[in-house]
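These notes concern the structure reproduced below.
The values are calculated or read from the model by the stated rules, or taken from the named source; none is laboratory data. Computed from a prediction, not measured in an experiment: that's the story for all the values here. In this analysis, Cβ positions are derived from the backbone assuming ideal geometry, glycine residues included, and neighbour counts consider all displayed protein chains.
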């Protein structure tokens with residue numbers, strides 16, 4: 001029984017980081033974040049002509065593509081007023097690569113929350129509340145430690161961090177584009193800096209709540 005409880009405790013500690021990372025990512029894949037981001041003070045204007053409303057319109061379609069089941073035509077059929085394709089072949093290929101990463105991550109994220117819920121029900125049935133609380137708290141501590149390391153790296157050189165992040169998920173330089181390409185016009189570097197910052201705040205805040213809120217009571 002002690003071994004089973006240890007496995008339960010270990011699984012909880014692993015699921016928590018997955019769940020809170022997914023929470024941060026899911027917020028970024030929302031219209032609310034886009035509506036906020038493009039209205040942030042100092043957000044750079046598009047030197048090639050997109051208005052704020054156009055950026056919001058096109059970026060929301062880009063995010064929809066990443067989370068729905070549509071094929072490349074969802075973006076490939078989009079055009080400017082003069083009939084020119086909104087995205088070139090390189091951009092469409094990259095967005096497909098991103099979609100291939102995002103879709104499984106979303107499934108894993110929802111699965112982590114479902115498993116945490118199921119384990120919570122098992123906890124109450126078997127009176128393992130102590131293990132459940134300890135597992136949640138340890139998971140929060142692991143996530144905080146991981147986030148500190150990542151945060152320090154990003155603060156030292158966000159570009160190096162950004163490059164490493166892409167090299168993990170994508171091959172070669174498939175994620176590099178011209179400033180005149182639609183993806184850069186919609187999602188400049190400032191967008192990604194704010195996105196990672198917000199995700200970090202959400203993840204850190206959630207982890208701190210678990211660590212502080214589930215602290216063992218002193219006898």
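Can you tell me which residue within region 161-188, out of those that are more than 20 Å from the chain's Cα centre (by Cα) and modelled with pLDDT of 90 or more, is surrounded by the most Cβ atoms within 10 Å (Cβ to Cβ)?
Applying the filter and picking the extreme gives 182.
Considering each residue of region 65-95, count those that are touching a residue at least 60 places away in the same chain (Cβ under 8 Å), in contact with a helix residue (DSSP H, G or I) (Cβ under 7 Å, 6 or more places away or on another chain), under 22 Å from residue 171 (Cα atoms) and part of a loop (DSSP other than H, G, I, E, B), and give that number.
1
Does at least one position in region 194-205 carry a residue that is under 21 Å from residue 97 (Cα atoms) and in contact with a helix residue (DSSP H, G or I) (Cβ under 9 Å, 6 or more places away or on another chain)?
Looking through region 194-205, at least one residue is under 21 Å from residue 97 (Cα atoms) and in contact with a helix residue (DSSP H, G or I) (Cβ under 9 Å, 6 or more places away or on another chain).
May I ask you to list pairs of residues, at least six apart or on different chains, whose Cβ atoms are under 7 Å apart, with the first in region 107-135 being on the phi > 0 side of the Ramachandran plot and the second being surrounded by fewer than 11 Cβ atoms within 10 Å (Cβ to Cβ) and assigned to a helix (DSSP H, G or I)?
From residues that are on the phi > 0 side of the Ramachandran plot, there are no pairs.
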